[in-house]
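I have placed the structure first, in the form of structure tokens, so that the comments after it can refer back to it.
Values quoted throughout were computed directly from the atomic coordinates according to the rules given, and no laboratory measurement underlies them. Everything numeric here is computed off the predicted structure, so don't read it as measured data. With ideal geometry, Cβ positions are generated from the backbone for all residues, glycine too; neighbour counts draw on all protein chains shown.
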Amino acid sequence: MITKDIVIIGTGFAGMGMAIKLKESGRDDFVVLEKAHDVGGTWRDNTYPGCECDIPSHMYSFSYELNSDWSKSFSGQPEIWAYMRKVADEKNLREKIDFGVEVKGASWDEDANLWTINTNGETYVARVLVAGVGGLHIPNIPEAKGADAFDGPMFHSAAWDHGVDLKGKKVVVIGTGASAIQFVPIIASEVGELTVFQRTPAWVLPKKDKPTSSLKKTAFAKVPGATRVYRNALYWGLESRAIAFNGHLNVLPLAEKIVTRYLKKAIPDDELRAKLTPDYRLGCKRVLQSNTYYPTFLRDNVELNTEGVAEIVSDGVIDKNGVKHDADVVIWGTGFHVIDAFDYLDIKGREGRNLATQFKEGGVETYLGMTIHGFPNLYFMLGPNTALGHNSVVFMIEQQTKFVIKMLDEMQKRGAAAAEATLAAQTEFNDEIQRLVSKGIWTTGGCTSWYLDSHGKNRTIWPKFTFQYWWETRKVNAPDFIWEKTA
Ligand code: NA7
């Protein structure tokens, strides 16, 4: 059994950011548990061809670890992962990480005011548990009739099998979300035949991506404050997108017109264009960006299928019209378990209450998207209703890591062994969130998405400006917590 004051789960931006802030605050009695053998989270795991961020890199990075050297506006996975590894090295984080340790579950000991954390190896005991597990890390592979019978390689975009040579092969891709629109254009030019199964067309904007000029790079490196000023400009530009998504729906027709015009220019064929045209409002699902996705469907070796998968057989995929599409390889671009991600972590709070069950029965309700009544001293990074469609989630993570430090300071000041959000504060927070999300485009836009739970409630997105989150987390509102005194 290993005893620490604080245990952090995961080494993505959230886990790393938390570790950095703990160190800065002078706290050293903590460990970070990481199931893999390197840092990076989703940016370590997603290595599919063309994997890159859809938020500009100067904003999708730590505000306290600016990088003047980003090679282009939206950096690719290798560059983002390299940045994270560099930060881990510079901040000496690796010595605080236990690699190869996968957390299976955690339970709160009410008498001792401690978390017991079960892993694939050692058991850890800690006063405070911070889960930086992220929302998009459990691959969703839908059940498909006959999938076991398929003879060739079959893999998910988040577990890309680089040992499979796609050159000249017949490939079927299922799913057309944020990942697929990045790898489909790349593999299309190397495979023999490509069939893309689309369930719902996405709104795809042109991507304003370009290499960083050497002049800009020099300015970022040499002119004091230049990188910061650029980042701030990006922040406010991205932030303005919240105006449309968060309820001012009258701004959307203009954006929809731009995309429709872009689609018309890219796909002159009426029938093909109709298949690629969404029948819901822009912003309802995550808005995608690509300059190469639509033109891919003009290639002779690429077919867009909108019939849906009926069955997978040993050498192909049969669609719902009974047409067989030969396949040597099947790739799932079908996203992640998001709303039900908590089912995969067995967390038990007061009176043995299971978190996933509480969320299922009472709704996914938290206080500030971070902490939950009945689960003292537990903090989620990027928890429910703190993900974003319009700006960088690293900004949200930074507010959350700072808030946890403030909570630890407050506990120290009060001599408290445990802090737990009151039910009243949690209810008030959620009522306000639900009042706002119900007006937002994600709920009213006429689509289903991973933002929504099975009751159509948005449990994922922060429905305000991100600076409002900064404001709401800038200090601890003590009456919102039950402070348990040390015995
Ligand atoms: P996404 O964006 O959630 O996309 C998943 C895609 O898979 C999407 O086109 C789905 O269609 C499709 N899908 C999911 N389940 C099925 C089934 N059962 N049958 C057919 N098609 C299905 O995941 P990504 O990995 O592309 O990106 C995830 C996030 O990573 C992204 O938003 C960024 O924030 C980073 P649907 O639209 O649901 O009809």
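One table, with the values for the structure above:
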{"item": "Three-way shape label, the stretch 33-176, alpha-carbon gyration tensor, a/c 1.5", "result": "oblate"}
{"item": "Whole-number percent relative contact order across the chain, with pairs defined as alpha carbons under 8 Å at least 6 apart", "result": "20 percent"}
{"item": "Relative contact order of the stretch 66-135, pairs being alpha-carbon contacts under 8 Å that are 6 or more residues apart, as %", "result": "17 percent"}
{"item": "Expected 222 nm ellipticity per residue - DSSP helices of 4 or more, -39500 (n - 2.57), all of the chain, to 500", "result": "-9000 deg cm²/dmol"}
{"item": "Cα shape, the stretch 207-268, gyration tensor, a/c 1.5 rule", "result": "oblate"}
{"item": "The stretch 376-423-the stretch 322-350 distance, computed between alpha-carbon centres (Å)", "result": "28 Å"}
{"item": "The stretch 251-317: C-alpha gyration tensor shape, a/c 1.5 cut-off, then a/b vs b/c", "result": "prolate"}
{"item": "All lysines inside 16 Å of K406 as judged from Cα atoms, apart from same-chain residues fewer than 8 positions distant", "result": "K21, K23, K475"}
{"item": "Distance between the stretch 166-216 and the stretch 1-67 - C-alpha centres, whole angstrom", "result": "28 Å"}
{"item": "For the chain, cysteines whose Cβ has no other cysteine Cβ within reach (under 4.7 Å)", "result": "C51, C53"}
{"item": "Sorted by Cβ neighbour density within 10 Å, fewest at the top, the residues W43, W470", "result": "W470, W43"}
{"item": "Pairwise centroid distance, computed over Cα atoms, of the stretch 265-296 with the stretch 142-156, Å", "result": "28 Å"}
{"item": "C-alpha long axis of helix 13-24 to longest principal axis of the chain, angle in °", "result": "30 degrees"}
{"item": "Percent antiparallel among DSSP beta bridges (both partners in the chain, rounded to 5)", "result": "40 percent"}
{"item": "Least to most buried among R459, R474 (fewest other Cβ within 10 Å first)", "result": "R474, R459"}
{"item": "Exposure proxy order (Cβ contacts within 10 Å, fewest to most) of S314, S438, S157", "result": "S314, S438, S157"}
